[in-house]
Amino acid sequence: MNVLITGGAGFIGCHVVRLFVEKYPEYRIFNLDKLTYSGNLENVKDLEDSPNYTFIKGDISDLEFVREIFEKHKFDKVIHLAAESHVDRSISDPLIFVKTNVMGTATLLQVAKESWKGNYENKLFYHVSTDEVYGSLELGGDFFYETTPYDPRSPYSASKASSDHMVRAWGHTYKMPIILSNCSNNYGANQFPEKLIPLFINNIVNGKSLPVYGEGINVRDWLWVEDHARAIDVIFHNGKHYETYNIGGHNEWKNIDLIKVLCKLVDAKIGNEPGTSEKLITFVKDRAGHDLRYAIDASKLENELGWTPSLQFEEGLSKTIDWYLENKEWLDSVTSGAYLDYYTKQYESSES
Ligand code: NAD
Ligand code: DAU
């Protein structure tokens with residue numbers, strides 16, 4: 001089976017690619033990634049010599065290029081993660097989110113449809129999406145269910161909602177086998193340090209201020225990235241076609257509480273006096289349109305497919321901090337942008 005995974009040089013994608021390459025030596029795994037600022041081949045360097053792994057550099061919204069690689073590699077199944085993923089960037093620069101997340105997804109769907117020519121035996125288009133498509137919840141209120149009406153409120157979540165609709169439209173209209181999953185906030189190794197947890201670890205280590213948006217009362221539901229990858233594996237293999245699965249950790253944290261735990265854990269690990277890093281907390285102007293609370297009900301996935309998160313949050317957070325402390329070179333290279341020059345030159349075009 002030839003499996004195309006898009007966005008495999010990014011944060012979640014690298015964990016999915018690694019899990020599939022290592023667990024399924026009988027599959028041929030193709031990692032298609034444009035290597036934007038958040039894509040980094042260091043994240044999958046350990047897989048370079050695996051016989052069942054191929055990296056392809058390219059853009060999911062480039063129709064001719066996507067046609068070429070489908071023609072060449074005859075992909076049977078697609079796991080689609082490539083996207084512009086950061087909400088703040090979508091507020092300052094929304095159009096690239098429309099191009100990549102909407103047009104890119106539609107391009108992949110259309111080429112998969114052309115390539116599969118209506119013969120859908122053993123074919124699947126699995127789309128990885130976000131809980132942000134459901135909008136925002138009241139504090140202490142209900143959860144997001146698979147049936148919750150869509151109410152995206154940022155350019156990022158609107159582009160992801162649009163891509164979800166595209167996937168369902170190709171499934172409904174052309175009967176292409178599709179599955180979607182919508183996941184809550186991930187944390188763990190290899191996350192680009194623009195997102196809350198790696199940004200704040202990096203700032204604590206460097207004694208820089210910790211910019212808390214608004215009053216820090218917004219709530220997010222955090223899941224360890226390797227548990228997300230495990231969920232994708234379970235859904236890819238056992239999920240029902242045309243269904244959607246919510247993925248989440250039942251692990252809600254108010255930002256300010258999470259940040260204080262993070263400060264305490266990092267202080268202890270780097271030998272700071274207790275309370276040192278909390279002094280770096282700075283309340284700043286709120287994010288425009290900042291969603292108040294996300295919280296996933298993942299009981300469909302748990303009851304029907306038997307998946308549950310494997311790690312308690314404090315353990316996961318501790319492992320995550322250790323990873324960033326042990327991988328200072330990775331952190332320095334992505335904050336300086338050095339990796340971009342290196343890999344852009346090495347993979348000027350197409351395949352390895
Ligand atoms: P990321 O930004 O770390 O990685 C995205 C990857 O996509 C990068 O490697 C980038 O180079 C690649 N990419 C971007 N544009 C591309 C294009 N035009 N063509 C080919 N590749 C391109 O993002 P992430 O956090 O790993 O998110 C991966 C997916 O999971 C996204 O679809 C995101 O919406 C979804 N998701 C993320 C979270 C989260 O908490 N991070 C939660 C739920 C769902
Ligand atoms: O819910 C899933 C989504 O989670 C994914 O679809 C997105 O790709 C991912 O980026 C993430 O979105 P968030 O906006 O929730 O994540 P972020 O890490 O940017 O912010 C988490 C919370 O922390 C949010 O309430 C905003 C706040 N925040 C963030 C940053 C970067 C701050 O207070 N200060 C900051 O500097």
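The values are calculated or read from the model by the stated rules, or taken from the named source; none is laboratory data. Treat the numbers as computed from the prediction; the structure is a model and nothing was measured. Neighbour counts run over all protein chains shown; Cβ positions are idealised from the backbone, glycine included. All accessible areas refer to the heavy atoms of the entire protein, side chains included, with ligands and DNA or RNA removed. Shrake-Rupley method; radii C 1.70, N 1.55, O 1.52, S 1.80 Å.
Annotations for the structure displayed:
- Positive-end residue of 309, 229, 108, charge dipole of the chain with Cβ unit charges: 108
- Extended-chain gain in nm, criterion 0.36 nm per residue less alpha-carbon gap, residue 138 and residue 303: 56.8 nm
- Calculated accessible area for segment 88-167 comes out at 43 Å² per residue, all protein chains present (probe 1.4 Å; ligands, DNA, RNA ignored).
- Modelled this way, with points 7 Å down the Cα-to-C-beta line, the labels at residue 336 and residue 287 are 2.9 nm from one another.
- Here segment 10-43 and segment 274-303 have alpha carbon centers that stand 27 Å from each other.
- For segment 292-301, the Karplus equation 6.51 cos²θ - 1.76 cosθ + 1.60, evaluated at θ = phi - 60°, returns couplings of 6, 8, 10, 7, 9, 9, 9, 5, 4, 5 Hz by residue, with Gly and Pro reported as x.
- C-alpha center-to-center spacing [segment 57-71, segment 223-256] in angstrom: 28
- Relative to the dominant Cα principal axis of the chain, helix 63-73 is inclined by about 70°.
- Note on residue 243/residue 326: beta-carbon distance plugged into 1/(1 + (r/R0)^6) with R0 of 56 Å gives a FRET efficiency of 0.90.
- With 0.36 nm allotted per residue and the present C-alpha distance subtracted, the residue 122-residue 22 stretch has 33.9 nm of extension available.
- Computed over every Cα-Cα pair of segment 1-78 and binned at 10 Å starting from 0, the pair-distance distribution P(r) comes out as 20, 55, 25, 0 percent.
- The Rg/Rh ratio for segment 141-259, using Cα coordinates for both the radius of gyration and the Kirkwood hydrodynamic radius, is 1.02.
- Over the residues of the chain, the helix contribution to mean residue ellipticity at 222 nm works out to -12500 deg cm²/dmol, using -39500 (n - 2.57) for each DSSP H run of at least 4.
- Rg over Rh for the chain works out to 0.95, using Cα positions for both radii and the Kirkwood form for Rh.
- Modelled FRET efficiency - R0 25 Å, residue 1 with residue 67, Cβ distances, 0.05 increments: 0.75
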